[in-house]
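Read through the structure below, which is laid out as structure tokens, and then see the notes.
The values are calculated or read from the model by the stated rules, or taken from the named source; none is laboratory data. Not measured: the values here are computed from a predicted model. Glycine gets a Cβ as well: all are built from the backbone with ideal geometry, and neighbour counts include every protein chain shown. When the accessible area is computed, the model is the full protein with side chains, heavy atoms only, and any ligands, DNA or RNA have been set aside. Shrake-Rupley method; radii C 1.70, N 1.55, O 1.52, S 1.80 Å.
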Amino acid sequence: TVGPDYSMVMHDSSLLEQKHVFTCFENRSGRELEDTNEEEDGTDTYENESSGDGHKWTVGVVIRVFRRPRSPVLGARDRVSHTQRMYDEEPLMIVTGPRQGEMSEMVRLELLRDRDVKLVLLGAGSAINFILDGLQWCTVNKPARKKISLVYTTRDFNLFQWAMSAISNIVPVCEARGIFFDLKMAYTGSMTEDISHDIESTMHCNDADYSMHGSTQDHDLTSSKYGMNAPTHSTRSIKSRSKSVSTQLNRFDLYGEIEAKSTVFCQGGAGLKNAVEAVCKKAGARFYGGRGGAREDLS
């Protein structure tokens with residue numbers, strides 16, 4: 001299966017706190033996760049996976065943190081969102097899984113269908129999870145699908161860097177097995193240095209950036225705080241070390257990514273999924289929307 005579900009809850013949560021379900025990715029390739037750092041010249045350095053400096057792991061997950069006061073409050077420890085507690089505290093968790101996700105088996109079956117139409121896995125933000133697991137699945141399985149497109153976007157610079165490193169580490173394994181993808185990544189945030197603490201509510205609580213029609217609110221906040229002297233990231237810093245991974249600074253043209261009769265699996269905010277579904281209807285493509293995307297994302 002692709003994109004298995006795991007359920008997690010803080011070990012000391014109130015009795016009313018239910019387990020939260022997350023789409024995760026598994027280490028099928030046996031590769032370690034690498035650290036990535038931006039040098040002063042704007043280039044990226046990666047830990048050598050053979051040096052033993054990477055991180056051994058079995059299952060991973062990128063989680064979107066909601067930073068809102070909880071209403072109603074479930075207990076003394078649960079005055080903030082469960083994801084914020086996981087981020088702020090030592091994450092002593094009760095974890096169960098894996099289980100088949102709502103799109104897991106459909107993605108796997110589409111990968112195994114010998115069709116000449118495009119299969120698109122499209123995600124934003126924390127939806128990197130099911131894209132990574134699709135790549136991991138291909139390191140130990142042989143898809144029959146000839147045209148596979150992986151499309152990912154985020155406006156969080158650190159997440160983009162990490163996702164690019166993780167993807168660039170897996171792609172060579174797939175290519176060595178004769179499996180190739182049309183793999184595109186877009187960073188749509190500000191090119192100023194990370195100011196996530198200043199714009200935390202924008203980065204974590206609003207999915208306008210996931211809709212591919214988002215504003216430049218984070219850039220405006222940066223300009224007002226730092227003026228013209230705001231430190232910037234180099235455009236070289238979004239370039240992947242893998243020539244097979246195409247990166248860009250502008251949002252994707254969905255009509256250019258979704259072909260007639262193609263099959264599209266999409267995970268992300270409500271704005272993104274609504275936009276992708278609308279394009280699929282006009283293009284005559286099949287659309288499957290995954291978990292996430294509460295209506296509040298559109299507010």
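Which residues, taken from segment 15-29, are touching a helix residue (DSSP H, G or I) at 6+ places or on another chain (Cβ under 6 Å) and either open to solvent by 60 Å² or more (accessible area, probe 1.4 Å) or over 15 Å from residue 101 (Cα atoms) (or both)? Across segment 15-29, the qualifying residues are 28, 29.
Against the condition at pLDDT 50 or above, under 23 Å from residue 68 (Cβ atoms), in contact with a strand residue (DSSP E or B) (Cβ under 8 Å, 6 or more places away or on another chain) and not basic (Lys, Arg), how does residue 289 come out, does it pass? Taking the combined requirement at face value, the residue does not satisfy it.
Counting only residues that are open to solvent by 20 Å² or more (accessible area, probe 1.4 Å), among the charged types (D, E, K, R) and touching an Asp or Glu at 6+ places or on another chain (Cβ under 7 Å), segment 119-146 holds 1 of them. Given the criterion over 27 Å from residue 147 (Cα atoms), of a type in the set (Asp, Glu) and open to solvent by 50 Å² or more (accessible area, probe 1.4 Å), identify the matching residue among 102, 90. Among 102, 90, only 90 is over 27 Å from residue 147 (Cα atoms), of a type in the set (Asp, Glu) and open to solvent by 50 Å² or more (accessible area, probe 1.4 Å).
In the set (1) touching a strand residue (DSSP E or B) at 6+ places or on another chain (Cβ under 7 Å); (2) modelled with pLDDT of 95 or more, residue 143 fails one condition alone, (1). With respect to residue 82, is the statement that it is modelled with pLDDT of 80 or more and either touching a His at 6+ places or on another chain (Cβ under 7 Å) or surrounded by fewer than 14 Cβ atoms within 10 Å (Cβ to Cβ) (or both) true? So residue 82 fits the description; yes.
Among the residues of segment 90-101, are any polar (S, T, N, Q) and either part of a loop (DSSP other than H, G, I, E, B) or under 19 Å from residue 183 (Cβ atoms) (or both)?
Yes, segment 90-101 has at least one match.
Checking each residue in segment 147-187 for being in contact with a helix residue (DSSP H, G or I) (Cβ under 8 Å, 6 or more places away or on another chain), under 21 Å from residue 262 (Cα atoms), in a loop (DSSP other than H, G, I, E, B) and open to solvent by 40 Å² or more (accessible area, probe 1.4 Å) picks out only 180.
Which of the following residues is touching a helix residue (DSSP H, G or I) at 6+ places or on another chain (Cβ under 8 Å), open to solvent by 20 Å² or more (accessible area, probe 1.4 Å) and assigned to a loop (DSSP other than H, G, I, E, B): 108, 113, 77? Full working, then the answer.
Values: 108 fails: assigned to a loop (DSSP other than H, G, I, E, B); 113 fails: touching a helix residue (DSSP H, G or I) at 6+ places or on another chain (Cβ under 8 Å).
Step by step, each of 108, 113, 77 is checked, and only 77 is touching a helix residue (DSSP H, G or I) at 6+ places or on another chain (Cβ under 8 Å), open to solvent by 20 Å² or more (accessible area, probe 1.4 Å) and assigned to a loop (DSSP other than H, G, I, E, B).
When restricted to residues that are of a type in the set (Lys, Arg), at pLDDT 80 or above and over 21 Å from the mean Cα position of the chain (by Cα), segment 223-277 contains 1. Scoring residue 125 on the criteria (1) at negative phi; (2) in contact (Cβ under 8 Å) with a residue 24 or more places away in the chain leaves a single failure, condition (1). Scanning segment 1-21 for residues that are within 24 Å of residue 56 (Cα to Cα), in contact with a strand residue (DSSP E or B) (Cβ under 6 Å, 6 or more places away or on another chain), outside any loop (DSSP other than H, G, I, E, B) and not charged (D, E, K, R) yields a total of 5.
The set of residues in segment 47-66 being at pLDDT below 85 and open to solvent by less than 50 Å² (accessible area, probe 1.4 Å) consists of 54 alone.
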